[in-house]
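The values are calculated or read from the model by the stated rules, or taken from the named source; none is laboratory data. Keep in mind it's a predicted model, so treat the numbers as computed, not measured. Ideal geometry is used to build each Cβ from the backbone, glycine not excepted, and the neighbour counts take in all protein chains shown. Please note that ligands, DNA and RNA were not included when accessible areas were found on the heavy atoms of the full protein model with its side chains. Shrake-Rupley method; radii C 1.70, N 1.55, O 1.52, S 1.80 Å.
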Amino acid sequence: MTEHDAFETARDICRRHAKSFYFASHFLPETKRLHAYAVYAFCRLLDDAVDEANSPAQMHTELQRFESLLDACFNNTLPAGDSAESLALRAFAITVNRCEIPKQPFLDLAEGCRMDLTINRYTDWAALEKYCYRVAGVVGLIMCHVFDLRDEAAHQKAIAMGNAMQLTNILRDVAEDYSRGRIYLPQDEMQRFGLTENDIATRTISPAFKSLMQFQIDRARSLYREGATGLCAIASDGSRQTACVMATVYGGILRAIEGLDYDVFKSRAHLTRFQKIARLPAAWKLSRLESGDAIPDIF
């Protein structure tokens, strides 16, 4: 199997499982696009392996296996193979070498997955923010290397953008996460708004639930705006446009939640392909901003 086959396999994984990113990726120049596919494919393979485990012990085993594969990718000792996983990992190994991506963010990502083994409630935003960083903020940091963004201040903005996207996931997936025994909404804020776990168990769209969801949506929007202030530092070769499309489309999920009147139990908030296309003008506007410009109200 060739290098082309490896990257095509990574591309196919993204096309099937990371639809919002795949939609945004077409603005990237080819080399960066292929490397981005490889990174997202690795993250998806890790996420799927953990999610599909039947027990905490199996989840732990899968995490150890991926950490060993991570070592092999960075040490150029990855075993040959023609399975989809082997080919995607080969593309990933090429990517981390050529883009000079450090290993630590991926170790942090594995640690974030490991948190799901032992933690199913979060006491406050500080605890949840740490989780968001480990499972998503680090992906923003990793993509800085794919985009060849060397501005350290902008790296911190990329982390904020990743955290915003993860918080969006949490708000969209309240029902699914509860079915797995997890509530990511901060416990102290649930208490402050008068929301109980029984409200979630019974799928009750109470005034307390709506108020808490709006509070979290406002927090996510604040994180998107913080992250957006770093977008102007990204190269305008298509990389900045991709990041802006991704942010604008993902931020649109918050509006979709509001459009459901916060009933994330009835249906999963998402954007159709037409709705994603309709947000492209806002993404273009965002990509034209310069340092110090006010962030438009697009999230």
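Quick check: the distance between the Cα centres of segment 86-156 and segment 219-285, to the nearest angstrom?
If we compute the Cα centre of each part, the gap is 20 Å.
With every protein chain present, what is the per residue accessible area of the chain (1.4 Å probe, Å²)?
45 Å²
At a 1.4 Å probe, what is the % contribution of carbon and sulfur to the accessible area of segment 1-91?
49 percent
By a straight-distance test (C-alpha under 16 Å), which lysines pair with K266 as possible cross-link partners, with residues fewer than eight away in the same chain excluded?
Qualifying lysines at Cα under 16 Å: K210.
Extension gain H26-L107, at 0.36 nm per residue separation less the Cα-Cα distance, in nm?
Extra length from H26 to L107 when fully extended: 26.3 nm.
What number, in percent, do you get for the relative contact order of segment 76-209 if the mean sequence gap of Cα pairs under 8 Å and at least 6 apart is divided by its residue count?
Computed over segment 76-209, the figure is 23 percent.
Give me the net charge of C99's neighbourhood, meaning all other residues with Cβ under 10 Å from the Cβ of C99; Lys, Arg count +1, Asp, Glu -1.
0
I need the phi-derived Karplus couplings for segment 140-149: 6.51 cos²θ - 1.76 cosθ + 1.60, θ = phi - 60°, integer Hz, Gly and Pro marked x.
Values per residue, Gly and Pro as x: x, 5, 4, 5, 4, 6, 4, 7, 6, 9 Hz.
Before anything else, pin down the relative contact order of the chain: Cα pairs under 8 Å, at least 6 apart, normalised by residue count, whole percent.
Computed value for the chain: 18 percent relative contact order.
Per-residue counts of other Cβ atoms within 10 Å, averaged by peptide: what ranking do you get for 144-150, 126-132, 200-206, highest first?
So the order, starting with the most tightly packed, is 144-150, 126-132, 200-206.
Of the labelled options (i) 6, 29, 39, 23, 3, 0; (ii) 6, 22, 22, 17, 13, 10, 7, 3, 0; (iii) 6, 27, 35, 24, 7, 0, which one gives P(r) over Cα pairs in 10 Å bins from 0, in percent as computed for this structure?
(iii)
Computing the accessible area with a 1.4 Å probe over protein heavy atoms, can you report the carbon and sulfur percentage for segment 140-299?
Summing carbon and sulfur atoms, their accessible area is 50 percent of the total for segment 140-299.
How big, on average over all directions, is the shadow cast by the Cα convex hull of segment 102-199, in nm²?
So the Cα hull casts an average projection of 6.8 nm².
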